[in-house]
1. Mind checking whether some residue in region 141-149 is open to solvent by 40 Å² or more (accessible area, probe 1.4 Å) and outside any loop (DSSP other than H, G, I, E, B)?
2. Of everything in region 178-203, what is assigned to a strand (DSSP E or B) and of a type in the set (A, V, I, L, M, F, W, C)? Give them in sequence order.
3. Give the residues of region 132-172 that are hydrophobic (A, V, I, L, M, F, W, C) and more than 18 Å from LEU103 (Cα to Cα), sorted by residue number.
4. Suppose the filter is among the hydrophobic types (A, V, I, L, M, F, W, C), in contact with a helix residue (DSSP H, G or I) (Cβ under 6 Å, 6 or more places away or on another chain) and not in a loop (DSSP other than H, G, I, E, B); does TRP175 pass it?
5. All but one of (1) over 32 Å from the mean Cα position of the chain (by Cα); (2) modelled with pLDDT of 95 or more hold for SER202; which doesn't?
6. Name the single residue, out of those in region 123-140 being assigned to a strand (DSSP E or B) and open to solvent by less than 30 Å² (accessible area, probe 1.4 Å), that is farthest from PRO188 (Cα to Cα).
7. Considering only residues that are of a type in the set (A, V, I, L, M, F, W, C) and exposed (fewer than 14 other Cβ atoms within 10 Å of the Cβ), which ones fall in region 154-203?
Amino acid sequence: MKKSKKSWKKKSSSRKRTSSKKKSSKEKSLKEGSSDSLKDRPLANKIIIGICIFILIIFPSIFIPFSIGLAIFMGVEDQIDTKEEHIEKRTSNEEMFGKYLYLDKIDEDVYAVVSEDEDPERRLVWDEDFCGYYDDLSNGYVWYDVKREKWKYWFKDISPDYKDYGWMVYDSNGWMIEREYQDWIKLPESYDRSKLWYIKQSE
């Protein structure tokens, strides 16, 4: 009987030892696993932070100059298209009137288109680069807008103030000037009109 009790005690103590060993090994593995996950997390966080910094700093530094360049390109292209549109409207003048435009005075600052045989008072030369007839007396250009059936003028002492526009017409309201595309206003009184002249519209 005594021996059996002793053996039972030995068995129970060995069981306790093994269970405690198992618990300690489990705890150790859990600690090791948690420490590994803690080690991995900072690396993942660094990668995410690095990607965010790249997106916030590198990407805008590429995108913003690209956007500015695109906007500038579009603006320049619009200006070129507008100038080309004006040039297209003026190219037909040489075909209509020839290389020279002959004018004869019919009233104060008023002229009529005549032929070379009529002993004209003024002779204007077609300027291929500007696409208009140049008048050296007034230092300006004139061309006929076929679409609107109007003579238009560009005087160097006035028109450059309106940059790409500044074309002028003379009608029942007097002198008008193009401030923006197809935006016509009355010529301000501050401008000198002493060199201004116009061609009488045919009836």
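1. Taking region 141-149 and keeping what is open to solvent by 40 Å² or more (accessible area, probe 1.4 Å), we get 146-149.
Within this subset, residues satisfying the condition of being outside any loop (DSSP other than H, G, I, E, B) are none.
No; the residues of region 141-149 include none that is open to solvent by 40 Å² or more (accessible area, probe 1.4 Å) and outside any loop (DSSP other than H, G, I, E, B).
2. We begin by selecting, within region 178-203, every residue assigned to a strand (DSSP E or B); these are 178-180, 183-186, 198-199.
Matches in region 178-203: TRP184, ILE185, ILE199.
3. Initial filter on region 132-172 (hydrophobic (A, V, I, L, M, F, W, C)): 137, 142-143, 146, 151, 154-155, 158, 167-169.
Correct list: VAL146, ILE158, TRP167, MET168.
4. On the way: among the hydrophobic types (A, V, I, L, M, F, W, C): yes; in contact with a helix residue (DSSP H, G or I) (Cβ under 6 Å, 6 or more places away or on another chain): no; not in a loop (DSSP other than H, G, I, E, B): yes.
Considered against the rule, which asks whether it is among the hydrophobic types (A, V, I, L, M, F, W, C), in contact with a helix residue (DSSP H, G or I) (Cβ under 6 Å, 6 or more places away or on another chain) and not in a loop (DSSP other than H, G, I, E, B), TRP175 comes out as no.
5. (2)
6. Filtering region 123-140 down to residues assigned to a strand (DSSP E or B) leaves 123-127, 132-135, 140.
Applying the additional criterion that residues be open to solvent by less than 30 Å² (accessible area, probe 1.4 Å) yields 124, 126, 132-133, 135, 140.
Values: LEU124: 27, TRP126: 29, GLY132: 24, TYR133: 25, ASP135: 23, GLY140: 18 Å.
Filtering region 123-140 for residues that are assigned to a strand (DSSP E or B) and open to solvent by less than 30 Å² (accessible area, probe 1.4 Å), the one farthest from PRO188 (Cα to Cα) comes out as TRP126.
7. Pass one, region 154-203, residues of a type in the set (A, V, I, L, M, F, W, C): 154-155, 158, 167-169, 175-177, 184-185, 187, 196-197, 199.
Hit for region 154-203 is ILE185, nothing else.
The values are calculated or read from the model by the stated rules, or taken from the named source; none is laboratory data. Here the structure is a predicted model, which means the values were calculated and not measured. With ideal geometry, Cβ positions are generated from the backbone for all residues, glycine too; neighbour counts draw on all protein chains shown. Surface accessibility is based on the protein's heavy atoms, side chains included, excluding ligands, DNA and RNA. Shrake-Rupley method; radii C 1.70, N 1.55, O 1.52, S 1.80 Å.
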